[in-house]
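These notes concern the structure reproduced below.
None of the figures in this text is laboratory data; all of them are computed from the coordinates on show. All of these numbers come straight from a predicted model, not from anything done at the bench. So basically every Cβ, Gly included, is an ideal-geometry build from the backbone, and we count neighbours across all protein chains shown.
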Amino acid sequence: MAKSKKNTFKTTSVYVTASLSLILFLLLVFGSVFLQSQKVFKKYKEQIEIDVFFRDATSEAQIKKLEKEILLIDGVKAVKFVSKEDAWEVIKKDVDLENVEDLLGGIPLRNSLQLKLSGDYVQLDSVKYLEKQLLNTYDEEIMSVSYNEIQFQNINQNFYTYMLYVLGLCGLLVIIAVVLINNTIRLAIFSKRFLIRTMQLVGAKSSFIKRPFIINAIFQGIFSGIIAIIFFIGLSYLLSHYESFISTMLFSPQNLIENLILFAAVIVLGALISYLSTTLSVRRYLKLSIDKLYRF
């Protein structure tokens, strides 16, 4: 009978470790996505372009000069000159416009500059201010500033909505982890309830009875965290062979510091969940009366 209970406790401990490792692994994935999303989102924002179109009287030499001046404006990260000839060639690849040039007597486009802003400046207020600044400063050279207003208006809102969903999923996952692991650990302690009562009857203090369970729980949580990290790194290595959005969000040398912090947090969280659940479960059985002990 004692051997059977011992085997049951070991089996339950393995189940607890596996369950906790899975939960911590999922938390690692969501945590890494959350940490790296800001970088990916900033890189995405910095790819959005603003087109500055020049008057026909503005020469390419003048535009080249303005290009250097505009690059010095706060928030402007990159400036690229696009001649009307180059723009026309791009359009002709997609649409059959061979006869339009002859009918109009020339290329119906204007020389332009493509501007890309730093991530912190990619918002509608900043873009409108930049537009006003350019038109007021270079009124004789610049004809118009073109950009997708709705895109700049909604981009930050969409990102914060996305982050809210990620945080919500992480929070829900933590709650599920605590509930599941707590119930599983209670089952593990359940098989040892008579041993706990025997130790009480021979005069052992509560702290002495709880100590081996708590030590085992802490090591169990740490071990689960290490297993989760190993699987996380393994998944990252497998996905690194494929060009995908999620592969940029997982473990890599480029985000080593963030991942090391995340690894430490997961190990601590695993040990903390296991410690708290074990402490509460053992305390519960320490307070049970004899008649209630046999009702389970």
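Report the gain in length on full extension from residue 109 to residue 150: 0.36 nm times residue separation, minus Cα-Cα distance, nm rounded to one decimal.
Once the chain is fully extended between residue 109 and residue 150, it gains 12.3 nm.
Output the pairs from 43/64; 39/80; 39/132; 42/84; 65/128; 45/80 with a Cα-Cα distance over 21 Å in this structure; if there are none, say none.
43/64; 39/80; 39/132; 42/84; 65/128
Pop the C-beta distance of residue 56 and residue 136 into the FRET formula with R0 = 22 Å and round what comes out to the nearest 0.05.
0.60
Once you charge only the Cβ atoms, +1 for Lys and Arg and -1 for Asp and Glu, what is the size of the charge dipole of region 156-245 about its Cα centre, to the nearest 20 debye?
Roughly 820 debye, rounded to the nearest 20.
Counting just the Cα atoms, what span does region 22-67 cover along each of its three principal axes? Round to the nearest Å and put the largest first.
66, 14, 9
State, to one decimal in nm, how far the label point of residue 238 lies from the label point of residue 190, with both points 7 Å from Cα in the Cβ direction.
3.3
What number comes out for the charge environment of residue 144, summing +1 per Lys or Arg and -1 per Asp or Glu over other residues with Cβ under 15 Å away?
-3
For region 121-168, with the dipole built from +1 on Lys and Arg beta-carbon atoms and -1 on Asp and Glu ones, taken about the Cα centre, which of 142, 126, 157 lies farthest toward the positive end?
Of the listed residues, the answer is 157.
Per-residue counts of other Cβ atoms within 10 Å, averaged by peptide: what ranking do you get for 73-83, 156-166, highest first?
Final packing ranking: 73-83, 156-166.
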